[in-house]
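See structure below.
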C-alpha cells in the first residue's frame with residue numbers, strides 16, 4: 001500500500017522507517033511545519049536524517065501530504081482534547097478523498113467518535129485505530145474478532161508512565177515525587193506529567209474501548225470517572241505489600257461505565273505488570289477471561305499496531 | 001452465514017448451540033454415524049437433545065452435510081495423525097464446492113499442511129484454523145496481524161491437562177500417577193492420557209504455528225522434538241520450588257525448530273499459568289514480547305475461536 005504519514009515524532013518516524021519492511025511505500029510525510037511528498041515513494045532515510053539535523057522533514061506545506069497519492073493516511077500527531085484538532089481535520093480530508101485512515105492519535109476516536117463514524121459512513125475509506133489503545137497489544141482487533149456483543153468487561157493497566165512510578169515506589173519504598181523525578185530523568189515521564197499521572201491518558205484509551213463496545217452510544221472523556229496517582233503516599237504501597245498486594249492504575253469499561261483509579265491487585269497476579277508494560281483483561285460470555293500483555297508504548301511497538309491495522313485493510 | 005458442522009462432540013455441539021447468538025444459521029450437523037440437514041436452518045435444540053437421548057443427531061447419512069447449503073464448513077471431528085482422515089476429506093469436499101472451511105481439528109493443518117494449501121489455492125474458499133491452537137486465545141490471528149515475518153519465536157503452555165497435573169504436583173507435593181488419577185476422575189485427563197501427557201497435543205499445536213510462520217516449508221509431527229511429563233518425579237518440582245521456579249510443559253517454535261519439553265520457569269513468571277489455563281508468548285522484531293493467556297480448551301471457548309475465524313471470513 002501507499003502510505004501518507006502525518007506526524008513525524010517517535011510513532012510517525014517509526015512508521016516511515018519500517019514501512020518498507022512490511023512491503024509498503026511512504027508517499028508523503030509531514031511534521032507540524034513542513035512536508036515531503038513523492039508519488040513514487042519518498043527517500044525515508046534522507047528525510048528522517050534531515051528532520052534530525054534541521055528539525056523539519058521537507059520544504060512543502062504540511063497540508064500537502066493530505067492530497068498526496070496514498071491509499072491510507074496514518075495520523076500520528078499528538079492527541080488533543082475537545083475538538084481533537086488538527087487530527088480530526090486530517091482524518092476528514094482523507095475520508096473525503098475516499099482513502100483509509102489509521103490513527104495513532106487518540107483524539108478523534110475518544111472525543112468525536114460519532115463524527116468519525118458519520119464521516120466514515122459517507123466514504124469508501126475505513127478508519128482503524130488499534131494503535132490508540134495498549135501500544136503493541138492487540139486490543140481492538142481482539143474485540144473485533146471475539147465480537148463486541150460477547151465482551152462483558154475490559155480492564156487493564158494502560159499507562160506505562162504511571163505503572164513505572166507505582167512499580168518503583170513499591171520496589172524501593174520511595175515517595176511519589178522522588179520516583180517522578182527519576183522517571184522524568186529517564187524520559188519515561190514528560191516534564192508535565194499530568195496527562196499520565198492524573199489518569200487522562202488511561203481514561204482516553206478506556207473511552208475508545210467503550211465506544212467500540214457500545215456501538216449505539218458515544219463516549220467522551222466527560223463520561224469517565226478518573227482518579228490518578230499524583231501524591232499517592234508511599235505507605236499506601238507498603239500497606240498493600242504487607243497483604244501481598246500492590247497498587248496499579250486500573251482502567252475499566254463495564255456495564256456502560258468508564259472508570260480509572262488506583263486499585264489494589266494481588267502482588268503476583270496478572271494485573272501486577274511491572275515497569276512500563278501494559279496488560280488488558282477481556283471478560284467474555286463464551287471464551288472466559290483473556291489476558292494480553294506487552295509494551296504499551298514506543299515508536300516501533302506502536303508502528304507494529306499500525307501495520308496490523310493496514311494488513312486488515314488489505315483483506 | 002450458513003454453517004455446516006461436522007462433529008457433534010463438545011466443540012461441534014457448542015458451535016451449533018451458539019451460532020444463532022453470533023447471527024449465523026446452522027444448515028447441517030453431522031456426527032460419526034448420522035446427520036440432519038435443513039437449508040433454512042436445523043432446529044439445534046431438538047437436534048442436540050436427540051443426540052443426548054439417542055446418541056445420534058439425525059437420520060441422514062453423515063456425508064450429507066458436506067453437500068448441504070452452507071457458506072462455511074466447521075470441521076470439529078477428533079484430530080487424527082498421518083493422513084488426517086476423515087477430517088481432511090471433509091475439508092477437501094467443501095473446498096471443491098468453493099466453500100470456506102474453519103477447522104477445530106488439528107490433523108489437516110498439522111499433518112498435511114501443503115495439501116491443504118494446494119486445495120485452497122484451487123478453490124474460492126478459504127481455510128482458517130484459529131481454534132486448533134490455544135482454544136479461546138487468539139494465536140494465529142495475532143500472527144496474521146503482526147505478520148509471520150515479524151515473529152522470531154512463539155512459545156507457550158499449550159496443553160491444559162499436562163498443566164493441571166504439573167500445577168497439582170507442585171502445589172500438593174503429590175506423585176505423577178496420583179495426580180493423573182485425580183485428573184481422570186475430574187474429567188481433565190482422558191482415560192488414555194498419552195496424547196496430552198506425552199506432549200503430542202502440544203507438539204501438534206506448535207507444528208501448526210511453525211507451518212503458519214514458515215510459509216515455504218511444511219512441518220509435520222515428525223519434525224518436532226517431543227518430550228512429555230509422564231513419570232516426572234515429584235522431587236523435580238520440589239527442587240524447582242526451592243529455587244523459586246516450577247516446571248511447565250513448554251512448546252517452542254524458533255529458528256525453524258519445533259520442541260516440546262518440560263522446562264523450568266520462574267514460579268511467579270508469566271509462563272507459570274496454573275490449572276488448565278494456557279499462555280502463549282510471541283517474540284517480535286518491532287513489537288517486543290507479547291503474552292496472551294486464557295482458556296486453552298472447552299466447547300464454548302473453542303467455539304468462540306471458530307466464530308472469530310468466521311467473522312474474518314466475512315470481511
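Just so it is clear, none of the values below were taken in a lab; they were calculated from the coordinates. Treat the numbers as computed from the prediction; the structure is a model and nothing was measured. FYI the Cβ positions are ideal-geometry reconstructions off the backbone, even for glycines, and counts take in every protein chain you see.
The table that follows gives values for the structure above.
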| read-out | value |
| --- | --- |
| Chain A - convex hull of alpha carbons, volume per residue in Å³ | 128 Å³ |
| Volume of the Cα convex hull of the stretch B:141-295, divided per residue and given in Å³ | 106 Å³ |
| Surface/4 estimate of mean projected area, convex hull on alpha-carbon atoms of the stretch A:77-226, nm² | 9.9 nm² |
| Projected label distance in nm at residue B:257 and residue B:171, using a 7 Å step from Cα toward the beta-carbon | 3.3 nm |
| Point-to-point label distance, residue B:98-residue A:218, nm (Cα→Cβ direction, 7 Å offset) | 4.3 nm |
| Tensor-based shape of the stretch A:1-79 (alpha-carbon gyration tensor, a/c under 1.5 rounded, otherwise prolate or oblate) | rounded |
| Peptide A:280-289 - average C-beta neighbours from other chains (10 Å radius) | 6 |
| The stretch B:171-247: C-alpha gyration tensor shape, a/c 1.5 cut-off, then a/b vs b/c | oblate |
| FRET efficiency estimate (nearest 0.05) - Cβ-Cβ, residue A:230 to residue B:153, R0 41 angstrom | 0.55 |
| Across the identical copies, how the residue A:227 labels are spaced - nm, sorted shortest first, 7 Å along Cα→Cβ | 5.1 |
| Choice from A:22, A:113, A:70 showing the highest fluctuation, given a GNM over chain A with Cα pairs closer than 10 Å | A:22 |
| Highest average packing first - B:133-139, A:152-158, B:180-186, B:259-265, Cβ atoms within 10 Å | B:133-139, A:152-158, B:259-265, B:180-186 |
| Cβ neighbours within 10 Å from other chains - mean over B:139-149 | 4 |
| Share, in percent, of DSSP beta bridges within the protein assembly as shown that are antiparallel, nearest 5 | 65 percent |
| Highest-fluctuation residue, B:31, B:255, B:61 considered, GNM on chain B with Cα pairs under 10 Å | B:255 |
| Volume per residue that the Cα convex hull of the stretch B:82-135 spans, once the total is divided by residue count, Å³ | 61 Å³ |
| Residue mean of other protein chain beta carbons inside 10 Å, B:259-270 | 1 |
| With eigenvalues of the C-alpha gyration tensor scaled by 5 and rooted, the stretch B:166-208, Å | 21, 13, 8 |
| For the protein assembly as shown, alpha-carbon Rg over 2.2 N^0.38 Å | 1.00 |
| Ordering of B:210-220, B:94-104, A:80-90 by packing [mean C-beta count within 10 Å, highest first] | B:94-104, A:80-90, B:210-220 |
| Shape category assigned to the stretch B:271-313 from the gyration tensor of Cα positions, a/c cut at 1.5 | oblate |
| Residue with peak Gaussian network fluctuation, chain A [Cα springs, cutoff 10 Å], from A:110, A:240, A:76 | A:240 |
